[in-house]
Amino acid sequence: HLKDQLIRAKLYLSLPAIKNNPHVTRELRLRVKEVTRALGDATKDSDLPKNAVDKLKAMDQSLEKGKQIQDDCAAVVKKLRAMLHSSEEQLRVHKKQTMFLTQLTAKTLPKGLHCLPLRLTTEYYTLNSSQQNFPNQQKLEDPRLYHYALFSDNILAAAVVVNSTISHAKHPSDHVFHIVTDRLNYAAMRMWFLSNPPGKATIQVQNIEEFTWLNSSYSPVLKQLGSPSMIDYYFRAHRASSDSNLKFRNPKYLSILNHLRFYLPEIFPKLNKVLFLDDDIVVQKDLTGLWSLDLKGNVNGAVETCGESFHRFDRYLNFSNPLISKNFDPHACGWAYGMNIFDLAEWRRQSITEVYHRWQRLNRDRQLWKLGTLPPGLITFWKRTYSLDKSWHVLGLGYNPNVNQREIDRAAVIHYNGNLKPWLEIGIPKYKIYWAKYVDYETVYLRECNINP
């Protein structure tokens, strides 16, 4: 009521009939000051001072005087519309600023997470060559074991994925984690897992630079990521012709680590099945049941995400392009990356990597989809994806504060997809605990880098 009174009072003060009456103008200005002071930072009635009701009654009387003086309804309506338009414009600007700041925060590495790889790298190069090796390397190509693929440049996030998976595994010694990182984080990632081994599980850490077969003559996306047009599109956001969606300016879209998921058979030539995990997930149950699932001739096992309309194909692909509209259904269900069981034998049989390459070449000018890996994933695994039960993989903990609690509790994997990652200050507080319990904050490296819960 008080807030509404303020709007009415400011409206009256802008009208000519009131302006011509100095006595009412003075009275209304005084009431505006009193009500503003009474409101303060209050968000509910109990926050208001005891005299708030008196101020409300006094303002009502002053507003009644103003109402009697002005009788031009058209002027009032016109002014209200102008005020509404101004408020909407301010809201739009604030929303844009909020989006920009959120994107900026999501892309900015906290000091602690910048310190950690530097500290670990220094430590790694003090080891002699025999100390730099992981045990059980004979298990890396054994197809009878449970193999995980994790591509990440975030050491702490990768550690949580491994720790949470192993803590729920019935037979940890049967689990093998294949971590691929970039040159900058390679030594640090190795040092972390050498000093924090995951029990009886096997670890492999590889540098993407060592994949000499992954070059621009083989991979269309690698060629595109280094092209002048892509660099121009990415870095020159101020140009009128550039895409205004800040989402597409995230550096992850330019990282080949993000596209490595399309080369699983080449990375693991001796394996038949691999479970792909994103680094922003937490495992809450034993995952071994995924390897025994019958994918019924499909290549990809994933949880579908079409509970809401914006997760259908037309949300990700450009259906105004005939190449897309002719080949795909705009209302088809999307599915989630982040926890996917891939049948590599079927992948090779169906030449899936070549399907991916063909579509990437067709999209060199970004007319079929923008950046990212989900759109080409939807295309590449179109009619080759087996729908997993939703309890395997629950999404939204990185943007939605209202994820169903029962679904979180039942989930085998929870996914912090979105900008609000649990290792950032902007992470949703009530979800951080699921992630933080798999971080040992007493580890010397975390203490030295001042990384706290």
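The values are calculated or read from the model by the stated rules, or taken from the named source; none is laboratory data. Every value quoted in this text rests on a predicted model; they were computed, and no experiment measured them. All Cβ positions, even for glycine, are placed from backbone atoms using ideal geometry, and neighbour counts span all protein chains on display. Accessible surface areas use protein heavy atoms only, side chains included; no ligands, DNA or RNA. Shrake-Rupley method; radii C 1.70, N 1.55, O 1.52, S 1.80 Å.
Quick notes on this one:
- Of all the residues in region 173-198, those that are closer than 14 Å to Val161 by Cα and open to solvent by 20 Å² or more (accessible area, probe 1.4 Å) number 2.
- Qualifying residues in region 390-427 (those that are of a type outside the set (Gly, Ala, Ser), within 9 Å of the chain's Cα centre (by Cα) and open to solvent by 20 Å² or more (accessible area, probe 1.4 Å)) - the one modelled with the lowest pLDDT: Asn419
- Selected residue (criterion: nearest to Asn136 (Cα to Cα)) from residues of region 200-219 that are part of a loop (DSSP other than H, G, I, E, B) and open to solvent by less than 80 Å² (accessible area, probe 1.4 Å): Ala201
- Top-ranked residue in region 330-367 [being within 26 Å of the chain's Cα centre (by Cα) and open to solvent by 50 Å² or more (accessible area, probe 1.4 Å); ranked as nearest to His393 (Cα to Cα)]: His331
For (1) basic (Lys, Arg); (2) assigned by the TED database to the domain that holds Leu84; (3) in contact with a Cys (Cβ under 6 Å, 6 or more places away or on another chain); (4) under 24 Å from Ser87 (Cα atoms), each residue gets a yes or a no:
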| position | (1), (2), (3), (4) |
| --- | --- |
| Thr25 | no, yes, no, yes |
| Arg37 | yes, yes, no, yes |
| Asp41 | no, yes, no, yes |
| Leu48 | no, yes, no, no |
| Ala52 | no, yes, no, no |
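- Yes/no for Leu56 being at pLDDT 80 or above and in contact with a His (Cβ under 7 Å, 6 or more places away or on another chain): yes
- In region 316-334, the residues that are farther than 19 Å from Ala302 by Cβ reach residues that are aliphatic (A, V, I, L, M) and surrounded by 14 or more Cβ atoms within 10 Å (Cβ to Cβ) with C-beta atoms within less than 7 angstrom, at least six apart or across chains, in these pairs: Asn318/Ile324; Asn318/Leu368; Asn321/Leu368; Leu323/Leu362; Leu323/Leu368; Ile324/Leu317; Ile324/Leu368.
- Among the residues of region 61-78, those identified as charged (D, E, K, R) and open to solvent by less than 100 Å² (accessible area, probe 1.4 Å) are Glu64, Lys65, Asp72.
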